[in-house]
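Okay, so here's the structure we're looking at.
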Amino acid sequence: MSTTPIASPNAARLTMERPQCNIAYEPADDGRTRKEDENEGSNDYSGDDVRGGLHRSLLRHVVSGCGASMRNEKGQALVELALTVVIAVFLVLGIIEFGYDFMALNVIAQATASGARAASVVQVGSRGLCGKITDDSAITGDTGIVKLQIGSVATASVTVVQTPTPGTAPCATFTGATIPMVKVTVTGTLPYLFGLLGSTAFTYTRAETFRDEGR
């Protein structure tokens, strides 16, 4: 029975490309032939370019190296997945935060407009000489219209200013060029839901002006 000649130990290393790793085969240096290894049950050969006997330990070493490479790629995939999840979570929380703040500021703006509308029609019993508002608790108080509408959404401080300032008798006569106005200003702090930017609240100011119908 003929045998395949053994390549010399100095022969060039033969390589074959496989997915995700490079497998290198070296000729055996112990005088074993491919046929002899096959007779012993070795089936670690592949490729027509491989000649002679192979060290099974070498093949096992190469396979181990490929497995390590695959494990490294799996670890990299896990890191990328973790980063993607973190970014996605922050993005979702940011969208929720923005939506809540937008809604809260809209509530505050509506409450300010309601307060200015109420201030513009304060009745005579709550006004003094020349239409000056002497009791604005229905607007600025803790149970006033503005704070009741804002509720627990944010803290609020309410002020009412009449323009021009009502004087003493004789009261001013207004013409089309000068119209009495009343302005309601609401200031306070609006807390964040999640505090993604490191702060717990931000300051807001809203103001509305109506014609002062009581003057």
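The values are calculated or read from the model by the stated rules, or taken from the named source; none is laboratory data. Remember, predicted model here, so these are calculated numbers, not experimental data. We place every Cβ from the backbone using ideal geometry, glycine too, and count neighbours over all the protein chains shown.
Overview of results
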quantity: Selected residue (criterion: surrounded by the most Cβ atoms within 10 Å (Cβ to Cβ)) from residues of the range 168-215 that are outside any strand (DSSP E or B) and among the polar types (S, T, N, Q); calculated: THR178
quantity: Residues (crowded, with 19+ Cβ neighbours inside 10 Å and part of a helix (DSSP H, G or I)) located in the range 135-144; calculated: ILE139, THR140
quantity: Sole exception among (1) part of a loop (DSSP other than H, G, I, E, B); (2) in contact with a strand residue (DSSP E or B) (Cβ under 8 Å, 6 or more places away or on another chain); (3) of a type outside the set (Lys, Arg) for VAL160, by number; calculated: (1)
quantity: Odd one out for ALA154, checked against (1) touching a Gly at 6+ places or on another chain (Cβ under 8 Å); (2) crowded, with 19+ Cβ neighbours inside 10 Å; (3) over 20 Å from PHE102 (Cβ atoms); calculated: (3)
quantity: Members of the range 86-130 found to be under 40 Å from the mean Cα position of the chain (by Cα), among the β-branched types (Val, Ile, Thr) and farther than 18 Å from THR189 by Cβ, listed by number; calculated: VAL86, ILE87, VAL89, VAL92, ILE95, ILE96
quantity: Residue match in the range 135-143 (condition: more than 34 Å from the chain's Cα centre (by Cα) and at positive phi); calculated: no
quantity: The range 125-134, residues that are more than 15 Å from PRO180 (Cβ to Cβ) and either modelled with pLDDT of 95 or more or in a helix (DSSP H, G or I) (or both); calculated: GLY125, SER126
quantity: Among the candidates THR178, THR163, residue that is farther than 15 Å from SER120 by Cβ, hydroxyl-bearing (Ser, Thr, Tyr) and out of contact with any Leu (no Cβ under 6 Å at 6 or more places or on another chain); calculated: THR178
quantity: Candidate set: the range 157-167, residues that are touching a Pro at 6+ places or on another chain (Cβ under 9 Å) and exposed (fewer than 14 other Cβ atoms within 10 Å of the Cβ); chosen: the one farthest from PHE202 (Cα to Cα); calculated: PRO164
quantity: Any pair with Cβ under 6 angstrom, 6 or more apart, that starts in the range 76-94 at a residue that is assigned by TED's automatic domain parsing to the domain that holds LEU196 and ends at one that is exposed (fewer than 10 other Cβ atoms within 10 Å of the Cβ) and in a helix (DSSP H, G or I); calculated: none
quantity: First in the range 131-142 and in contact (Cβ under 8 Å) with a residue 40 or more places away in the chain, second anywhere and surrounded by fewer than 14 Cβ atoms within 10 Å (Cβ to Cβ) and assigned to a loop (DSSP other than H, G, I, E, B), Cβ under 8 Å, 6 or more apart; calculated: GLY131/CYS171
quantity: Candidates ILE179, ILE133, ILE108, filtered to the one that is under 17 Å from ARG211 (Cα atoms) and either in contact with a helix residue (DSSP H, G or I) (Cβ under 7 Å, 6 or more places away or on another chain) or not assigned by TED's automatic domain parsing to the domain that holds PHE202 (or both); calculated: ILE133
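Residues checked against (1) out of contact with any Ser or Thr (no Cβ under 9 Å at 6 or more places or on another chain); (2) closer than 25 Å to ASP101 by Cβ; (3) at pLDDT 95 or above:
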residue: LEU148; (1), (2), (3): yes, yes, yes
residue: PRO166; (1), (2), (3): yes, no, no
residue: THR173; (1), (2), (3): yes, no, no
residue: THR178; (1), (2), (3): yes, no, no
residue: TYR192; (1), (2), (3): no, yes, no
residue: GLY198; (1), (2), (3): yes, yes, no
residue: TYR204; (1), (2), (3): no, yes, yes
residue: ARG215; (1), (2), (3): yes, no, no
